[in-house]
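First the structure, in the form of structure tokens, and then the observations on it.
The values are calculated or read from the model by the stated rules, or taken from the named source; none is laboratory data. For clarity, every value in this text was computed on a predicted model and none was experimentally measured. As a convention, Cβ positions derive from the backbone with ideal geometry for all residues, glycine included, and neighbour counts pool all protein chains shown. Side chains included, ligands, DNA and RNA excluded: accessible areas come from the protein's heavy atoms. Shrake-Rupley method; radii C 1.70, N 1.55, O 1.52, S 1.80 Å.
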Amino acid sequence: MTTTRSIPDIAAEAHALLANKLKPAVPDVAPLVRAYYALPENGAGGSLHVVLDDRNIETHFVESALERAEASGDADGAALAKVLLRMSKTQRLKLCDLKWEKR
């Protein structure tokens, strides 16, 4: 029997994390970051490049990435940026470090 990993619906899962009202945990967000990088033309982090690739984890960088994602119609990037805003800077940095690890 072969199991296939499904690609998460980034926006839907991000909205579910935000509905929880708690700070999202790194293990819950990491699959969304991986899926975001897997999208066509997002190999360098897409709208969130400045945050995820350049490791600019301060809130104003995430807010700027959110604006960029919304302006370009990147619903997945916008949803993921909203999740990142709910996280601490330490958590964001951990995500930057985890994005290339294989599971």
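Working only within the range 19-30, note down all residues that are open to solvent by 50 Å² or more (accessible area, probe 1.4 Å) and modelled with pLDDT of 90 or more.
Of the residues in the range 19-30, the ones open to solvent by 50 Å² or more (accessible area, probe 1.4 Å) are 19-23, 27-28.
Those that are open to solvent by 50 Å² or more (accessible area, probe 1.4 Å) and modelled with pLDDT of 90 or more: 19, 23, 27, 28.
Please go through the range 54-82 and pick out each residue that is among the charged types (D, E, K, R) and free of Cβ contacts under 8 Å to residues at least 24 places away in the same chain.
Of everything in the range 54-82, those that are among the charged types (D, E, K, R) and free of Cβ contacts under 8 Å to residues at least 24 places away in the same chain turn out to be 54, 63, 67, 68, 70.
Which one is farthest from residue 70 (Cα to Cα) among residues in the range 13-30 that are in contact (Cβ under 8 Å) with a residue 60 or more places away in the chain and part of a helix (DSSP H, G or I)?
Among residues in the range 13-30 that are in contact (Cβ under 8 Å) with a residue 60 or more places away in the chain and part of a helix (DSSP H, G or I), the one farthest from residue 70 (Cα to Cα) is 26.
Regarding residue 35, is this residue open to solvent by less than 50 Å² (accessible area, probe 1.4 Å), in contact with a helix residue (DSSP H, G or I) (Cβ under 7 Å, 6 or more places away or on another chain) and either within 25 Å of residue 71 (Cβ to Cβ) or of a type in the set (Phe, Trp, Tyr) (or both)?
Yes.
Which members of the range 51-93 meet the condition of being in contact with a Pro (Cβ under 8 Å, 6 or more places away or on another chain) and among the basic types (Lys, Arg)?
Hit for the range 51-93 is 86, nothing else.
Can you name the number of the only condition in (1) at pLDDT below 95; (2) surrounded by 13 or more Cβ atoms within 10 Å (Cβ to Cβ); (3) aliphatic (A, V, I, L, M) that residue 66 fails?
Just one mismatch for residue 66, condition (1).
Inside the range 37-48, can you point out the residues that are within 14 Å of residue 92 (Cβ to Cβ) and touching a residue at least 12 places away in the same chain (Cβ under 8 Å)?
Selection gives 48 alone.
Being under 22 Å from residue 9 (Cβ atoms) and either surrounded by 22 or more Cβ atoms within 10 Å (Cβ to Cβ) or among the polar types (S, T, N, Q) (or both) is the filter here, so list the residues in the range 45-63 that pass it.
46, 47, 48, 51, 52, 62
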